[in-house]
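Taking it in order: structure first as structure tokens, then the write-up.
The values are calculated or read from the model by the stated rules, or taken from the named source; none is laboratory data. Note that the structure is a prediction, hence the values are computed from the model and not measured. Note: ideal-geometry Cβ built from the backbone for every residue, glycine included; neighbour counts use all protein chains shown. The accessibility values were calculated without ligands, DNA or RNA, using every heavy atom of the protein model including side chains. Shrake-Rupley method; radii C 1.70, N 1.55, O 1.52, S 1.80 Å.
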Amino acid sequence: MAEVTAVITATLITAPLLGLYIFYLIIMKVSQNKQRSFKIAVDATVLLFIASVYFMVYEIWGVRTGWLIVMFFLLTAIVFTFVHWKNYEEIDIKRVFKGVWRFQFVVFFLLYFIVIMYGLIISVMT
């Protein structure tokens, strides 16, 4: 059972788009709401994209970026909290966290494709 779990986890981290699609399909079957299903699938796969970018960067350059990811997350949270406070004068933690979380998805989704393209170009050139 542990081997099956390890294989599934490794596959989802290696191909987070597959995980996004699978989560979307499962939630879509349950909720029958496309927009809500996509939002939940995005929220569920942020960690897959973060882990994928982390391991790809480590594989390509040999650099451990875990502390950079944590610092980026904290800096983003600080900025989002400050902007939310300036706009609404009352901080809604749930709303701020959701904004930070989805912003992380956008950033790591884009980084995933950038690193994939870089890795493909480098492997073709060498």
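At-a-glance table
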{"read-out": "Within segment 91-101, tally of residues that are part of a helix (DSSP H, G or I) and open to solvent by 70 Å² or more (accessible area, probe 1.4 Å)", "value": "5"}
{"read-out": "Some residue of segment 80-90 being in a loop (DSSP other than H, G, I, E, B), closer than 23 Å to Ile116 by Cβ and open to solvent by 100 Å² or more (accessible area, probe 1.4 Å)", "value": "no"}
{"read-out": "Whichever residue in segment 111-126 is within 19 Å of Gly66 (Cβ to Cβ) and aliphatic (A, V, I, L, M) and, among such residues, is surrounded by the most Cβ atoms within 10 Å (Cβ to Cβ)", "value": "Val115"}
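Per-residue answers, yes or no, for (1) open to solvent by less than 70 Å² (accessible area, probe 1.4 Å); (2) in contact (Cβ under 8 Å) with a residue 60 or more places away in the chain:
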residue	(1), (2)
Ala2	no, no
Val7	no, no
Met28	yes, no
Thr45	yes, yes
Ala51	yes, no
Phe55	no, no
Trp67	no, no
Phe73	yes, no
Thr76	yes, no
